[in-house]
Structure formats: C-alpha cells, structure tokens
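The values are calculated or read from the model by the stated rules, or taken from the named source; none is laboratory data. Please read all numbers here as calculations on a predicted model, not as lab measurements. Because the Cβ atoms are built from the backbone with ideal geometry, glycine has one as well, and the counts that use them run over all protein chains shown.
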Amino acid sequence: MLLRTSLMLIVMCIIGNVIYAQNTFPATGNVGIGTTSPTTPLTIFKSNSSIDPSNSHILLTNSGSGQQNLISSTIGGTIKGKWRNDYFGNIYYVSFGSNHIFMTGGDYGVGIAPMVINSSGIRIKTETLPSGYQLAVGGKIIAEELKLKLQSTGWPDYVFQPSYNLPSLKEIEAFIKKNQHLPDVPSAKTVATEGIELGKNQAILLKKIEELTLYIIEQDKKIEKQNMILEKLVGKEMSTLSKKKTSLFTDRK
C-alpha cells in the first residue's frame, strides 16, 4: 500500500510538471522560456502589448550605478564585442578595445556597414571619415530643409561698406582672361578635387551678387549722367536750329 501510494505521488508530480511547467531545459537541442516548443537555441515567449519595463522579455539588472555588459560575443574564446548600457540608459556597441562603435545592419568586415558611430564621428555607407569632419555620407542626401549656421562672421555685408575696394571691370576682365573663372570663386579643377563647402560657397556667391549690384548702380549713375548731358546737347542744338530758322525767315523778308 505504501509503495503504491509513493508511485502514485511520483507519477502525479511528473504529470504536474509536464502540464504546468513554463520552461523546458532539455539536455540537448533548444531551450524555451514561456514556451514548450523552442525553435532556436534560446526561445523566449511572452504575450504582451505594453512597453512597461515589467513586461519586458528580458530584464537585466545591476546593483551598481555604472555601465554593464548586456551581451558579449567571443571568437576563439576572445571577446570581440559587447552591447553595453550606461547609467544614462544609452545602449552602444563596444569593439576593438576603447573604440566605441555602433553599427546597424550588415556584418562587420563584410561590405560597408550602413552606419558606424565612434569617437571620431559618424560614417554612413562609407569606410572613410575625412580629417576635421564629423559626418561622412557615401551617397545622396535628401531633406525638406537644410539650415547652415556659420561659426565665423564672414557674411559679405562688408561689400556695401564705404571702405570696400570694389575692383574695376577691367580688373575683373583681366582676371577672367588669365584664370578662366571669377575672383574668389573656386575653379572647376578645385571643385573636382576638393568639393564645395556650402556655407563658404553661398557667401562667395552673395559677395558676387552684391558686387554686381554695385556695378549696376554705378552704370545706372553713368547712364543718367550721360542722358542729362545728351539732353543739354540736344536742347542746345535745337535752340541753335531755332535761331537759325528765325534768322533765315528774317533775311527773306
């Protein structure tokens, strides 16, 4: 009787574990948490639609106040990369010692990563970040609006200052004949090799527009002065003709 009771208790415990167990840990194959049919080495299932931290699939805690490693990857027993978070809640990828890199998409070393962020700057679809630049994009950029804020005070309002030395048109003509481009404007060869700095180029173009405005004002003054002289000459000539005509009629009488 005692043996039968013991056997029944063992069977009931086994059945109870099979029915109510949420996690399975087989000796081989896959491990499931929240599921009895894991399809990967580790499968975690939780039915929820809330973004509250208590409903997370995985919760990693740290008793300290500093950063912690979330996931580490090794190759040949050597750690090559880690996903970490800091005490601000930022998540970043750490690789190659102290060089912090964040990559989205692709595999490192296979093709060009869509984005790499490190202490030097940001690279998007390119493997090079030129010295002195914080962002490099290997492709086209489209935006609804782009605002450039120059750090230096080089906006060419100084062209309208009385002290500005406006070059003569003859000087401009001589420069163009010699260099095949306008003064201060980069040549086609320079643009092909070094590119264009948008902020600086906009300032140069505005300077040329302002200089053209001054040339037009100067030409308008000259034309107005010539018209006044012409009107005086025409008036004088008409007066002379009128006097001659009057004298001719007088002589006939």
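Structure notes:
- Per-region count, the stretch 168-214, residues touching a residue at least 24 places away in the same chain (Cβ under 8 Å) and in a loop (DSSP other than H, G, I, E, B): 2
- The set of residues in the stretch 215-242 being more than 30 Å from Val159 (Cα to Cα) and not basic (Lys, Arg) consists of Ile229, Leu230, Glu231, Leu233, Val234, Gly235, Glu237, Met238, Ser239, Thr240, Leu241, Ser242.
- Any hit, the stretch 126-138, residues being at pLDDT below 75, assigned to a loop (DSSP other than H, G, I, E, B), under 25 Å from Ala203 (Cα atoms) and among the polar types (S, T, N, Q): no
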